[in-house]
């Protein structure tokens with residue numbers, strides 16, 4: 001069985017946005033407020049994943065802002081005991097598999113000792129946070145091998161030494177991932193074998209930086225073999241190239257055609273796949289729906305409800321086609337997502353945008369003040385000449401939907417894409 005998840009943020013999930021803070025504002029009071037908000041958001045994300053049948057997600061390293069910064073003295077474990085206990089209970093209840101992925105500045109094989117020390121501090125925070133959530137050993141900290149620094153052999157030797165010097169509580173959480181420029185999956189597996197760690201096989205990175213020998217299937221299976229039961233199900237990362245972007249940049253969404261081929265190549269394996277893509281949970285739901293046998297009409301209709309106004313503001317004919325498609329007893333997910341990809345690539349058309357906005361307005365007009373009604377109707381009238389006023393229209397509509405908790409609209413992607 002292949003399971004799919006997403007990384008760090010959600011789109012169109014009310015109450016799941018994280019809050020950041022600068023060092024200058026990181027007073028104990030401010031940190032407490034921000035961290036409480038973020039832990040509530042994490043619980044919202046976990047419950048969302050459970051409801052959407054998404055079995056795995058990555059927690060942002062910014063969940064506790066500035067946690068390993070040397071100038072930040074906020075004792076998050078002590079100050080957030082109640083909030084962490086609540087998050088722990090939610091994680092246990094939902095059963096979502098979580099992971100974390102420190103950023104590019106957490107480099108364990110740097111030749112500079114101060115950089116290594118900061119990396120150790122950051123990895124320690126990540127391990128402590130997962131422990132505070134009561135997360136099982138399957139909750140991994142994903143780490144790239146680091147830089148080559150002009151001498152790959154020495155860089156790898158430093159990485160091995162520094163990994164082995166980590167406290168076991170930290171080291172035992174780590175999985176190493178191949179990158180797109182310096183270190184291949186072969187390099188990751190060599191270090192993992194010496195340190196008793198599992199390797200994350202990044203399919204996209206491998207396509208840009210593969211070992212000199214062996215097929216993709218060969219290296220995938222070698223990576224799978226590096227996982228033991230205490231590490232959880234073997235994991236890999238999947239992403240696609242952003243059109244017209246620099247090599248290695250992740251796409252806005254997971255394209256159906258290439259994804260279906262990739263999924264088919266995994267046949268017979270039990271894996272967890274982290275999707276690294278800009279539209280986050282949306283592509284996760286898409287990939288799950290595309291690979292669920294006998295997907296029900298109810299599931300696709302629920303997806304349609306989220307996308308329908310995005311479709312309507314682009315193409316009335318496509319809108320009608322979706323409605324006809326979903327009248328079938330067993331609508332086809334591939335047909336659904338193929339048409340969705342085609343439609344969302346189209347430019348927004350002014351009169352159609354006005355039509356969609358007026359549909360949305362019908363859910364909130366009764367809540368609007370006279371001033372809001374005047375402003376919204378004037379902006380919608382402008383849409384007849386083109387979509388320039390659309391951001392203003394959507395701000396007014398979203399504000400009303402949020403203020404009056406119109407859940408149907410808050411779950412719509414009309415405001416977020």
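What follows is calculated from the coordinates using simple rules that are stated; it is not laboratory data. The structure presented is a predicted model; accordingly, all values stated were derived computationally and were not measured. No Cβ is skipped: glycine too gets one built from the backbone with ideal geometry, and neighbour counts run over all protein chains shown.
Say we join alpha carbon atoms closer than 10 Å with springs in a Gaussian network model of the chain; which of 65, 387, 168 then has the biggest fluctuation?
Among 65, 387, 168, the largest GNM mean-square fluctuation belongs to 168.
Could you tell me the distance between the Cα centroids of the stretch 221-284 and the stretch 114-146, to the nearest Å?
22
Take each of the peptides 363-373, 43-53, average the number of other beta-carbon atoms within 10 Å over its residues, and list them starting from the highest.
Taking the mean over residues of other Cβ atoms within 10 Å, the ranking is 43-53, 363-373.
Under a point spin-label approximation (7 Å from Cα along Cα-to-Cβ), what is the residue 77-residue 89 distance to one decimal in nm?
2.2
Can you give the FRET efficiency for residue 269 and residue 326, using 1/(1 + (r/R0)^6), R0 = 35 Å, r = Cβ-Cβ distance, to the nearest 0.05?
0.60
So what is the calculated 222 nm ellipticity per residue for the chain, using -39500 (n - 2.57) for each DSSP H run with n of 4 or more, over all residues, to the nearest 500 deg cm²/dmol?
-15500 deg cm²/dmol
Could you order peptides 267-280, 339-352, 108-121 by the average number of other Cβ atoms within 10 Å of their residues, highest first?
267-280, 108-121, 339-352
Mind jotting down the three principal axis lengths of the stretch 25-144 based on Cα atoms? Whole angstrom, largest first.
Result, largest extent first: 45, 34, 19 Å.
Can you give the Rg and Dmax of the stretch 186-271 based on its C-alpha atoms, in angstrom?
13.8, 41
Relative contact order for the chain: what percent, with Cα pairs under 8 Å and sequence separation of 6 or more?
Once normalised by length, the contact order is 15 percent.
To test your reading of the geometry: what angle, between 0 and 90 degrees and rounded to tens, separates the Cα axis of helix 350-364 from the longest principal axis of the chain?
Tilt of helix 350-364: around 90 degrees.
Among (i) 1.00; (ii) 0.93; (iii) 1.07, only one was calculated for this model; which label is it, if the read-out is Cα Rg over 2.2 N^0.38 Å?
Read-out from the structure maps to (iii).
Under the Kirkwood approximation for Rh and a Cα-based Rg, what ratio Rg/Rh is obtained for the stretch 41-88?
1.06
Starting with the highest mean, order 245-257, 200-212 by the number of other Cβ atoms within 10 Å, averaged over the residues of each peptide.
Listed from highest to lowest mean packing, they are 200-212, 245-257.
Nearest 10 degrees is fine. How inclined is helix 370-382 to the longest principal axis of the chain, computing both from alpha carbons?
90
Please find the FRET efficiency linking residue 369 to residue 14, where r is the Cβ-Cβ separation and R0 is fixed at 25 Å, and quote it to the nearest 0.05.
0.65
Specify the angular offset, from 0 to 90 degrees and rounded to the nearest 10, of the alpha carbon long axis of helix 390-403 from the longest principal axis of the alpha carbons in the chain.
That works out to roughly 80 degrees.
Just to be sure I understand: with springs between alpha-carbon atoms less than 10 Å apart, which residue in 406, 360, 107 has the highest mean-square fluctuation in the Gaussian network model of the chain?
Looking only at 406, 360, 107, the largest GNM fluctuation is found for 406.
Remind me, relative contact order of the stretch 350-415 in percent, using alpha carbon pairs under 8 angstrom and six or more residues apart?
This gives 39 percent for the stretch 350-415.
Given a 10 angstrom Cα cut-off, can you work out which residue in 295, 282, 197 is the most mobile in a GNM of the chain?
So, out of 295, 282, 197, the one fluctuating most is 295.
Once you have the Cα-Cα distance between residue 164 and residue 347, take 0.36 nm times their residue separation minus that, and quote the gain in nm to one decimal.
60.5 nm
So how do 399, 283 line up by other beta-carbon neighbours within 10 Å, fewest first?
Least to most surrounded, the residues fall as 399, 283.
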